[in-house]
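The values are calculated or read from the model by the stated rules, or taken from the named source; none is laboratory data. Just so we're clear, the structure is a prediction, and the values are computed from it rather than from any experiment. For neighbour counting, all protein chains shown are included, and Cβ atoms are generated from backbone atoms with ideal geometry for every residue, glycine included.
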Protein chains: 2
Amino acid sequence: MLNLRYFLFLLAFLPSLTFSQNLAEKLGYPSDTKLLIIHGDDVGVSHSQTKATFDAMKYGIVNSTSMMVPTGWSAEVGEMAKEMPTADIGIHITLTNEWLNFNWGPEAGRTAVPGLANEKGHMYPDCAQVTANASPEEVEIEIRAQIKAANQMGIIPTHLDSHMGCVFYGRPEYLKSYLKIAQELNIPAMINQQMVDGIVKPNSALFEGINVEKFPVVDQLFMAEPKDYEAGMEAYYTKSLNNLTSGLNVILIHLAFDDAEMNAVTKGHETYHAPWRQADYDFFTSEKARELLKKNKVQLVTWREVGKTM
Amino acid sequence: MLNLRYFLFLLAFLPSLTFSQNLAEKLGYPSDTKLLIIHGDDVGVSHSQTKATFDAMKYGIVNSTSMMVPTGWSAEVGEMAKEMPTADIGIHITLTNEWLNFNWGPEAGRTAVPGLANEKGHMYPDCAQVTANASPEEVEIEIRAQIKAANQMGIIPTHLDSHMGCVFYGRPEYLKSYLKIAQELNIPAMINQQMVDGIVKPNSALFEGINVEKFPVVDQLFMAEPKDYEAGMEAYYTKSLNNLTSGLNVILIHLAFDDAEMNAVTKGHETYHAPWRQADYDFFTSEKARELLKKNKVQLVTWREVGKTM
């Protein structure tokens, strides 16, 4: 009986006892495990993107994605997710519309958040224009509208992240709303140490009430740049997979087919365009990518799993 | 000198002298001419639709189109129109969103016109739900928002028409706003005698201030129905072209390619789907269609030309 009491006593303190565990340990792996999320951004932006991303989750090693909500194809994400009910799907908070011929406006509507819409009612093409025009209140309204609409399409997000990083590169208040809402939903919001050190800590009064320590922090973030595309994606991703370190690694990729639709969406762009996205698809559905995971003893994890440690 | 004065005197009365001319005569053709507009609906709904329609205007006998504005691909219409500056492009007033996986909300924003958006922020799939939910004021705001946004994309509309006919099949006030705005713009709004007799005349007080007689009335409207698609589109359109009568004929078609994007847009629909639209494209870019025009002595006219008689 005494033993049981002692056990219950210990159990009550378990959260504090586990405090010093790192993320890998919390997930039940050795402390030096190379954890990896292979994250296909932008589902919902086009049929091509959504189909390629779900295919790469089914047939390749991609294990997480996040959804653009104000775009025309967001409902298809809800439909495709029905066939993969445990898929890791976050909300790719979208404040920009970077394409020439394929457009969308804010989910909350241009009347509710006029600072997020240009004179055509479409979102601005880059983060700088968002920062110049959108108030923190408008961004928070828009983030909530996107999550609500995703819910209505059947998506309960496993995590939040930010399209083109506008939440990170804009006003600190944007990052605050992003973390505050993730905290309310008790899900991870993608963040790394530079953001904590560069934005949160210098604005500690603004971030009051947000338990930043609770959020799993990404240790290494990989995303191909134009020079990597030019040198060849296979070389870039091979190097990335050979250079993962212990802790939480995230590779951000953009999967689509090099087809008529995707070429029309990305028309006029020489980067992140249809052939770039096809190259991402080709690598992350290849046998070689699978072998590199094995060779480097990489442990794939999802945001859903990571979120359970919060 | 007297002769010249007499001539000027006559000239001053020319409008009243031409009053009894029919549309063909006003356009400079014999009174019994078979006038025809071959109208490709729905540009802007997808890349596939927009590309196929512009191709059919370039390489086929399609000579008019109208643009869906709240859809994701509307900006591409503005881009493609730059290469065809005299193309006949109207506004396909869109109050519905009939597709399962490809969605859009009202151009004016769900906050401004909540009656035009369902709980996901998308337009309703059919006219009945529009009629049940959208006030006349909301519909007028939305029509104006669509025209304004089209202008901002570089489109000065040659005419108005109505996607799925919701302006005709809804509340009489919708039709009133449609005609009122066309009158303000001094462009034709597609209308036929049944609409005049069935909606305008029984609601004459509502339509006060709208000079309905000024609008060119379509004498014969052709649009393939499911039974026509089943029996074969070539047979249907051949029969239609052989059965044109003198006056203003309009053939409404829907041109797109039977490709991955269009199949995804029209998923779950057995009519007006990708193969249906490909069949429209095939016929209206065929040599046979061109020969049928010649054989039947058909005079193609555009809404732009018809509008000049107003």
Single match in A:T94, A:T65, A:T33 (criterion: free of Cβ contacts under 8 Å to residues at least 60 places away in the same chain and either within 17 Å of the chain's Cα centre (by Cα) or surrounded by fewer than 24 Cβ atoms within 10 Å (Cβ to Cβ) (or both))
A:T65
Residue hits (the range B:149-173; of a type in the set (D, E) and under 18 Å from B:N97 (Cα atoms)) are B:D161
Could you list all residues from the range B:214-237 that are hydroxyl-bearing (S, T, Y) and within 14 Å of B:F284 (Cα to Cα)?
B:Y236, B:Y237
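Conditions (1) surrounded by fewer than 19 Cβ atoms within 10 Å (Cβ to Cβ); (2) β-branched (V, I, T); (3) part of a helix (DSSP H, G or I); (4) in contact with a Gly (Cβ under 7 Å, 6 or more places away or on another chain), marked per residue:
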position	(1), (2), (3), (4)
A:L175	no, no, yes, no
A:Y178	no, no, yes, no
A:I187	no, yes, no, yes
A:G198	yes, no, yes, no
A:P216	no, no, no, no
A:L244	no, no, no, no
A:L248	no, no, no, no
A:F257	no, no, no, no
A:N263	yes, no, yes, no
Could you tell me whether the range A:290-302 includes any residue that is of a type in the set (S, T, N, Q) and farther than 26 Å from A:P85 by Cα?
yes
Do any helices (runs of 4 or more DSSP H) entirely within the range A:1-49 hold 3 or more residues that are in contact with a Leu (Cβ under 7 Å, 6 or more places away or on another chain) and at pLDDT 95 or above, and if so, which?
none
Given the condition among the aliphatic types (A, V, I, L, M) and assigned to a loop (DSSP other than H, G, I, E, B), answer yes or no: does some residue in the range A:281-303 qualify?
yes
State which residue pairs qualify: first residue of a type in the set (F, W, Y) and inside the range B:107-126, second residue part of a helix (DSSP H, G or I) in any location, beta carbons under 8 Å apart, and separation of 6 or more residues or different chains.
B:Y124/B:L116; B:Y124/B:V130; B:Y124/B:N133
When the residues of the range A:265-280 are narrowed to those that are away from every other protein chain (no Cβ under 14 Å) and assigned to a helix (DSSP H, G or I), which ends up surrounded by the fewest Cβ atoms within 10 Å (Cβ to Cβ)?
A:P275
Close pairs (7 angstrom Cβ cut-off, 6 or more residues apart or separate chains): within 14 Å of chain B (Cβ to nearest Cβ) in the range A:247-259, crowded, with 23+ Cβ neighbours inside 10 Å and assigned to a loop (DSSP other than H, G, I, E, B) anywhere
A:A256/A:S46
